[in-house]
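See structure below.
Every number in this text was worked out from the coordinates using simple rules, so none of it is lab data. Just so we're clear, the structure is a prediction, and the values are computed from it rather than from any experiment. Positions of Cβ are backbone-derived with ideal geometry, glycine not excepted, and every protein chain shown enters the neighbour counts.
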Amino acid sequence: EDQVTQSPEALRLQEGESSSLNCSYTVSGLRGLFWYRQDPGKGPEFLFTLYSAGEEKEKERLKATLTKKESFLHITAPKPEDSATYLCAVQALSNAGNMLTFGGGTRLMVKP
Amino acid sequence: DSGVTQTPKHLITATGQRVTLRCSPRSGDLSVYWYQQSLDQGLQFLIQYYNGEERAKGNILERFSAQQFPDLHSELNLSSLELGDSALYFCASTSPGGLAFFGQGTRLTVV
């Protein structure tokens, strides 16, 4: 069974204080690993897709990396508007439907 | 705006009742997925339809059912509702490459 574990569950940062969020996964063949941002009461918003170990993607203050067992979302010099829940999900090669298995999320709070 | 439309945004109903949630996928997307998000369970896959046919089932209760219509919109029917069914229900559609775009969700409150 595919599993995704995110840590920490919650993270408080001061504005400008860089940090990393972790996503550990076990999957029977990885088709893709996805990062989403979710604001309270809203739907998940796509950030990145990573497909193979060693791959990295960047967008503004966010950078996602992937190894064979985990992914990191690095946040450089965060701003209060980066406050949200960050979700990690995997898509397995074995599943024909391309559904996503999500982790529990990391709730990020950035204080000014 | 993801292009995925869900209605209604909020729904309050009593235990034992039946409700229908509606989803219109992005233009051109043939797949529709339903997910449930509750505080203690996180985002859980319920069911997938592809071009009108059921393709995959996840942790969907027997009291719940879905269908996808010829115009590709989908409906999720929840019946004999219980307090524990209170949650956010999301619909997603996927691009041909498998990238999922989510709607804004329907918040269901069962009282």
Output the relative contact order of chain B, whole-number percent, from Cα pairs under 8 angstrom with separation of 6+ residues. 37 percent
Provide a whole-number value for the mean count of partner chain Cβ atoms within 10 Å of the Cβ atoms in peptide A:67-79. 0
Among all the aspartates and glutamates, which ones have a C-alpha under 13 Å from A:Lys42's C-alpha, if same-chain residues fewer than 8 places away are not counted? B:Asp1
Placing each pseudo-label 7 Å from Cα in the direction of the beta carbon, B:Ser38 and B:Ser79 end up separated by a distance in nanometres of 2.0 nm
What average number of partner chain Cβ atoms lie no more than 10 Å from the Cβ of the residues making up B:52-65? 1
Could you tell me the calculated FRET efficiency between B:His10 and B:Gln67, based on Cβ-Cβ distance and R0 = 30 angstrom, to the nearest 0.05? 0.85
Going residue by residue through region A:44-58, the Karplus relation 6.51 cos²θ - 1.76 cosθ + 1.60 with θ = phi - 60° gives ³J(HN,Hα) values, rounded to whole Hz and with x marking Gly or Pro, of x, 10, 4, 10, 9, 10, 10, 10, 9, 4, x, 6, 9, 9, 10
In order through region B:82-92: 3J(HN,Hα) via Karplus (6.51 cos²θ - 1.76 cosθ + 1.60), integer Hz, x for Gly, Pro: 10, 4, x, 7, 4, 5, 8, 10, 10, 10, 9
Using Cα positions and a limit of under 14 Å, work out the aspartates and glutamates in reach of A:Lys79, with same-chain residues fewer than 8 apart set aside. A:Glu15, A:Glu17, A:Glu60
Counting only backbone N atoms under 15 Å from a point 7 Å out along Cα-to-Cβ of A:Ser24, the residues of region A:76-112 in range are A:103-105
Rounded to whole Hz, the Karplus (6.51, -1.76, 1.60) HN-Hα couplings of region A:63-77, x for glycine and proline: 9, 10, 10, 9, 10, 6, 10, 7, 10, 10, 10, 8, 10, 9, 6
So for region B:4-43, using the alpha carbon gyration tensor with a ≥ b ≥ c as root eigenvalues (a/c under 1.5 gives rounded; past that, a/b versus b/c decides prolate or oblate), I'd call it oblate
Partner shielding of B:36-44, taken as the mean number of other chain Cβ atoms within 10 Å, equals 3
Run down the lysines and flag those whose C-alpha is under 21 Å from the C-alpha of A:Lys68, throwing out any fewer than 8 positions away in its chain. A:Lys57
Hey, quick one: spin label on A:Ser94, modelled 7 Å out along Cα-Cβ, who in region A:31-57 has an amide N within reach, i.e. under 14 Å? A:31
Scoring chain A by relative contact order with C-alpha pairs under 8 Å, at least six apart, yields a percentage of 38 percent
